[in-house]
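See below for the structure under consideration.
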Amino acid sequence: MTSLIILIDGLGDDPIPAWNGLTPFDRSYHPAMDRLIKEGNLNHVSICEKDVVPGSLTCILRLLGVPKEFFPGNRAYLELLAQNRDISEYEMVLRCNVISQDSSGRLVSFNGMGLTSREAEEMAKAVSSLSPDIEFIHLSGYRNLLVMDRSEAVLQVQTAPPHESMGLPVEELLSELKEASLSMRVFMQETDAMLQRYNRNDLVYRLYPWGASCRTEIPSFETLNGLQGALVCQTEIVRGIGKALKMEVPELSYCTADIDTNVREKLAVTHDMLKKYPFVMTHFNGTDEAAHRHDYEGKADFISRIDKEFLEPLLDNSESPMRIVICGDHVTSSVTGKHTRGKGPVITAETKCMAKKNFAINTYRDIVKFLMKESDVNG
């Protein structure tokens, strides 16, 4: 029986006061999901539990059956793999956001708020030729990577993630990184000067390096789980996870990593992957991005789109029995804009079965077992 996990990033949420305590999942219209719940179960589970940081890297690796001892310290290296790039043991890679600060130097956006896409591309082109010591790689929008010679001092710096540091002084947030590396300090000084021409409305735009990581080896998905699989996604970190696990990660032409993604393209590619592999994960990132922006209405609307444009036609056109899980990786609060350890909804079902089945889903281990360890392949 083929297994499909539809991973809706940050699906869980806090109760929304404006909706009398409903969450975006509660508020969204999802008849296809309700149909699966009738055939299977709806549970609420914390994927990160109490032992790992609530983030896509750790939680998605868990859902793919990767033991914690193989988790990379940071995700920048996997995002580099997503670009079909690699580094040697003598190099390292950092994530790098375009951020903005107010006139008092406090962080007001982690995503280059107010910049047009054209300005972001122009900015990236200018910075990419700036330093001989640091390679600047533009990913998309406000997301970038930096590749430089390995420094144990930089690898030990724990710069706070910008999306969790809103309202804090930027200089204080970056001070330890600047002290750890002269090359990094000079790079940030030069980019600060270069980006001054984009400043407007009392906002100052800067680069924010963080999350340094080195080359990391992870056992393949097939080695860990005894079967081959594919990962349908557009978000850099998720594509990098798939490549690190030696899964197929097909190219997508019209998808984004936000709520404006082309859901129907993901449906078509998922159909193709289900014909080739016994396990497929399809990832949607827009819910997480909307929650970081406190856009609970956009998050609910996107859940409804996934239900209507992806899940409904998938179920209607599926001819063979299929084991399905719909869940998030972690909770992303539309109230605070942050990831949390809370429990999110988990839907489990087997389609084309003669009778409803009850599945004991209490932990992430139960989800992995349901997808990859069960033996009753005939339902």
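Throughout, read-outs are computed from the coordinates displayed, never taken from laboratory work. Keep in mind it's a predicted model, so treat the numbers as computed, not measured. So basically every Cβ, Gly included, is an ideal-geometry build from the backbone, and we count neighbours across all protein chains shown.
Tabulated data for the structure shown
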read-out: Dipole moment magnitude, nearest 20 debye, the chain about Cα centre, only Lys, Arg, Asp, Glu C-beta charged; value: 740 debye
read-out: Kyte-Doolittle at least -0.5, axis length at least 15 Å by Cα - qualifying DSSP helices, the chain; value: 170-180, 182-194
read-out: Fraction of beta bridges assigned by DSSP in the chain that are antiparallel (%, nearest 5); value: 65 percent
read-out: Cα centroid of the range 1-24 to Cα centroid of the range 251-295, whole Å; value: 15 Å
read-out: Relative contact order (%) - the range 204-296, alpha-carbon pairs under 8 angstrom, separation at least six; value: 28 percent
read-out: Sparse-neighbour loop sites [GluC sites (Glu not before Pro); the range 219-286; at most 11 other C-beta within 10 Å; DSSP]; value: Glu251
read-out: The chain - percent relative contact order, Cα under 8 Å, separation 6 or more; value: 33 percent
read-out: Mean ellipticity per residue at 222 nm, deg cm²/dmol - from DSSP H runs of n ≥ 4 across the chain, formula -39500 (n - 2.57); value: -9000 deg cm²/dmol
read-out: Gap separating the Cα centres of the range 119-141 and the range 83-110, nearest whole Å; value: 11 Å
read-out: Cβ-based charge dipole, the range 81-213, positive-most Cα from Val157, Tyr208, Gly114; value: Gly114
read-out: Alpha-carbon spread of the range 81-213, three principal axes, descending order, Å; value: 43, 29, 24
read-out: Spin-label pair Val53/Ala126, simplified geometry with 7 Å Cα→Cβ offset, distance in nm; value: 3.1 nm
read-out: When each of Lys38/Lys338; Lys125/Lys246; Lys68/Lys246 is checked by Cα-Cα distance, pairs over 24 Å; value: Lys38/Lys338; Lys125/Lys246
read-out: Likely footprinting exposure, Asp51, Asp258, Asp102, fewest C-beta neighbours within 10 Å first; value: Asp51, Asp102, Asp258
